[in-house]
Structure formats: structure tokens, C-alpha cells
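Contents: one structure, followed by commentary.
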Amino acid sequence: MKNRRLWLIFFAVYYGTYWGQSTIVGFAPQFKQQRFYLWTEEDFLSGKKRMISDTLVDERGMFRFSIPKGPILKYHLGTENFNGYLFAENGAQYRLEFFSDSPLSQSYNLHEEIEFVFIDLDSNDINFKILGFEAWLDNQLSDIHFENNSEGELFRKISLLKYNALQDVRRDSSVYFREFIGYSMAENIENMSYRGSPTKEEKFNTYFNQRPIRYDAPYYTNYFLRYYDQYISQISHESAIELFKAYASQDLAAQDRILAANSCTGDTILRNLINLYILKQAINGNFIPKSVVKSNLLLQQKLAPCELHRKIAANLLQKFSGLETGDSFPFESLKIPPFDQKYVYIHAYNPSNTQCIQELNALKKLKAGYGSTVEFLTLYLDKPLSNEAERKALSQITWKKIGLRPDDPAWNLLGISTYPYYILVDKDSTVLKAPALTPTPNGKYETIEKTFFELTKP
């Protein structure tokens with residue numbers, strides 16, 4: 001009896017751990033022996049990645065991921081340069097075909113996506129429902145947009161469309177899918193201008209007021225980003241001036257009071273999220289000085305009303321990382337002794353990037369010509385190499401090279417997110433240019449060689 005009880009306990013623990021896991025099995029014949037990654041976003045404002053796991057595509061082109069039990073989430077998978085996404089729900093088994101027309105000839109952009117094909121996708125799966133609804137909605141909208149509708153006819157067609165969507169909401173048992181339909185209709189239909197369309201206040205009361213913030217649900221976050229886009233331009237001129245003053249004085253309480261006095265801002269948590277969104281848009285905008293944005297994000301990182309918002313502020317602060325001309329290069333932070341009395345050409349290298357590999361010959365020629373006066377230093381992504389070509393290419397870098405893991409904070413410290421990337425540092429460890437010119441011609445037929453010649457001539 002004792003052994004039987006122990007076995008039952010083991011059974012409960014073992015299956016309690018694995019029950020509910022979903023799995024992804026894929027076929028990617030063009031990516032054999034390459035590393036695939038599975039990740040989500042830490043938050044929707046910064047878009048920072050949270051890596052879940054990685055695997056090697058085998059010699060048959062097959063790969064596999066397991067996803068732990070949890071709520072429905074959007075997962076991205078693929079290489080750093082070619083990836084797509086799906087929604088995973090507990091216990092689901094996904095089979096995918098993963099193709100690219102010509103992956104080696106495409107630009108190596110970290111955010112580039114390709115589509116995958118689902119094989120035998122269950123009709124009750126959230127992906128099947130979302131894809132089906134989006135196809136239906138696109139078809140309905142094309143009929144509305146391409147026909148010359150009178151105002152009354154447009155109202156009738158939109159009312160019928162909303163009625164049919166409501167029937168899907170009532171029939172489906174999935175809360176996630178029902179909310180997806182609601183917010184999809186808000187984003188695609190409620191923003192249209194037609195007789196009887198809801199006011200901004202009506203949309204706020206329907207989709208945001210006294211409703212939970214769905215940070216991990218793209219249907220919610222996409223609509224939030226659209227609804228509150230450039231919110232500072234939606235408030236009165238007087239309120240905007242007061243808000244600018246509150247940012248300048250780093251007064252979080254005043255910022256909250258000003259937002260609270262304007263319409264469609266909700267409770268404290270929603271107002272704070274709107275505030276973070278304003279600061280996020282100001283990073284790349286020109287309406288708030290960068291130093292003021294940074295100082296307010298530092299405050300939000302410490303004093304935002306909830307832990308998640310403090311994390312969002314910290315992630316947004318990372319967008320300020322990077323080196324500019326005149327900065328001191330952080331050799332000490334990288335644990336690299338400074339190169340005395342030499343210029344240093346910093347080279348960021350991704351072993352899986354064909355452009356990086358193609359530029360190696362030009363780099364070697366530069367090293368041969370200017371190596372006595374310019375030091376070359378390569379920082380490379382330290383990850384498992386997928387094939388012999390990658391290993392051979394990395395071995396061609398005979399000068400000093402340092403491997404850094406993909407999640408090493410040094411990449412963010414240096415502001416490096418694309419490869420190849422170059423930084424030129426002077427004899428006093430001061431950054432002369434970031435990014436610097438490359439060893440191969442750019443669109444203006446410029447290379448770094450002319451700079452080397454000018455710097456090293458007597």
C-alpha cells in the first residue's frame with residue numbers, strides 16, 4: 001500500500017508538471033542546422049524580447065519546442081532575422097511548415113517576419129478561430145470600402161456586420177476569442193466615420209473604463225496604442241502646457257492630476273500606462289527634450305504605481321542606451337584593457353549573418369594595411385554555430401575577438417542591435433563615430449579606409 005501511495009504521488013507530481021504543455025513541431029528545410037528561438041515580449045510598449053528556449057533545426061529540417069502551461073500568449077519563433085508568430089493554448093499540438101522564398105538574399109532585419117503554414121490545425125484552436133475571423137472581416141470590409149454606399153446604406157451594412165460578429169461572440173465559449181472579436185471590431189469598424197459611429201467617450205467606456213488591462217493580449221494592446229496615439233495632442237492646449245511643466249519639474253503627482261482632469265484616462269493604473277506611452281512616443285519625437293524624457297522614466301522606474309509599470313519604464317530606458325560621438329568607450333565595463341596610443345575599430349559580428357561573413361575579406365585587407373596604427377576588435381554573438389561555413393568564417397578573425405552572449409547587457413550598453421556594426425574610437429578611448437563607416441562601400445561609395453588614411457598619415 002505504501003509503494004502504491006508513493007507511485008500515485010509521483011504520478012500526480014509528474015503529470016501535474018507536464019499536463020497542459022503545448023508543443024510545436026515544425027519543418028524548415030531551408031534552415032537546416034540553424035538555431036531557432038522561441039520568445040515573447042516582456043511588455044508591449046518597449047517590445048523587449050523574453051527568450052523562452054532555443055533549439056537546432058536538424059539535418060532533416062525538423063525542429064521542436066515545448067511551451068509550459070499558462071494563459072494564451074503570442075509567441076514568436078524562428079531565427080533572429082526570419083520569424084513568425086502564433087498563439088499557444090494549453091495542451092495544443094502545433095505542426096508547422098516554415099518557409100522563406102530566399103532567406104540568404106533577404107535583408108537581415110531583426111524584425112523581419114515570414115508566414116508559416118499550419119498543418120491539420122484543430123478548428124477549435126485559437127489560431128484557427130483568429131485566422132478565420134480575420135479572413136471573414138477582411139472580406140466584409142472590402143465589400144464596404146469598394147462599393148459606393150450612401151450614408152444610410154453604409155450604416156445598414158456596418159450594423160449587419162456588427163450583428164453577425166456578435167453572433168460569433170455569443171456562440172463561442174472562449175473568453176479570449178470573444179474579447180478578440182470585440183477589440184478587432186473596435187479597431188477596424190468603430191474607428192470608421194459613419195452615421196451613428198460611437199464617440200471617443202463611448203469607445204472609452206466600452207473598451208477601457210473599469211476593465212482590466214490585458215498587457216499580454218495583442219487585441220487589447222493594439223487598440224490601446226491606436227486609441228491613445230499622440231494623446232498629448234488630443235488634450236487642450238492649456239493641459240498640454242501644464243503637462244510639459246510637470247515633466248520638466250519631474251512631478252509625477254502633477255502629471256497624474258493633469259491626466260485625470262482630461263477625458264478618457266480612467267483610474268490611476270490606466271493613467272500611468274497612458275503617461276508611459278506619452279514618454280515612449282517622446283523618445284523618438286521632438287515634443288519633449290530627451291533629457292526630460294529620460295529623467296521621468298527614471299522616476300517611473302522607481303515610483304510607478306505597480307511593479308509591471310516600473311519594469312516597462314526600465315525597458316523603455318534601455319532605448320536610450322548606445323554610444324555617441326564624444327562619449328568615452330566603456331573598455332572597463334567590457335573588461336578590455338584600453339589600447340594605448342592606437343585608434344580602435346570596433347566590429348560587431350553575428351556568425352549567422354551573411355553580410356557579416358561577406359565583409360570579412362574587406363576587413364582582413366584593412367587589417368593588413370592599417371594594423372600597425374589601428375587596432376581591430378571584434379565583438380561577436382557567442383552562440384552555437386549552425387554549420388561549417390559559420391565556423392570557418394569565425395576562424396578567419398585572427399585579431400582580438402570577444403564573444404558575448406545574445407542577452408549580454410553590453411550589446412545594449414553599446415547600442416548594437418543590428419549586424420554588422422562598427423564603432424571608431426580614438427587614441428584617448430573617445431568615440432569618434434558610432435556607427436562608423438563600414439569596410440565595404442555604402443550607397444555613397446564611402447568606406448572607412450579613407451578615414452583610416454587621414455587618421456594615420458604623418
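What follows draws every value from the coordinates through simple rules; no lab data is involved. All of these numbers come straight from a predicted model, not from anything done at the bench. Neighbour counts run over all protein chains shown; Cβ positions are idealised from the backbone, glycine included.
Which shape class, rounded, prolate or oblate, goes with region 231-320 when its Cα gyration tensor gives a ≥ b ≥ c as root eigenvalues, a/c under 1.5 marks rounded, and past that a/b bigger than b/c marks prolate? Oblate.
Taking 37 °C and 0.692 mPa s as the conditions, I'd like the Stokes-Einstein D for the chain in µm²/s, using the Kirkwood hydrodynamic radius from alpha carbon pairs. It would help to have the intermediate numbers written out before the result.
Values: Rh = 26.1 Å.
This corresponds to a translational diffusion coefficient of 126 µm²/s.
Computed on the chain, with alpha-carbon pairs under 8 angstrom and 6+ residues apart, the relative contact order is 11 percent. The H on the amide N of Leu379, modeled in the peptide plane, is under 5 Å from the matching H of His347, Ala348, Tyr349, Ile402, each at least 5 residues off or on a different chain.
Among the chymotrypsin sites (Phe, Trp or Tyr not before Pro) in region 201-269, none is located in a DSSP loop while being surrounded by at most 14 other Cβ atoms within 10 Å of its own Cβ. Pairs exceeding a 26 Å alpha-carbon distance, out of Lys49/Lys427; Lys400/Lys450; Lys200/Lys290; Lys69/Lys200: Lys49/Lys427; Lys200/Lys290; Lys69/Lys200. For the chain, excluding the exposed loop sites themselves (GluC sites (Glu not before Pro), DSSP loop, at most 11 other Cβ atoms within 10 Å), the longest remaining stretch covers 148-323. Electrostatic tally near Leu381: other residues with Cβ closer than 12 Å to its Cβ, Lys and Arg +1, Asp and Glu -1, net -1.
Any idea what angle helix 307-317 forms with the longest principal axis of the chain, computed on alpha-carbon atoms, 0 to 90 degrees, nearest 10? The helix 307-317 is inclined about 40 degrees to the chain.
Selection among Pro435, Ile402, Asn361 by position relative to the dipole of region 343-456 gives Asn361 as farthest towards the positive end (Cβ unit charges, Cα centre).
Here Lys200, Lys319 are placed in order of increasing Cβ neighbour count within 10 Å, fewest first, which gives Lys200, Lys319.
About its Cα centre, the dipole of the chain is roughly 1240 debye, where the only charges are +1 on Lys and Arg Cβ and -1 on Asp and Glu Cβ.
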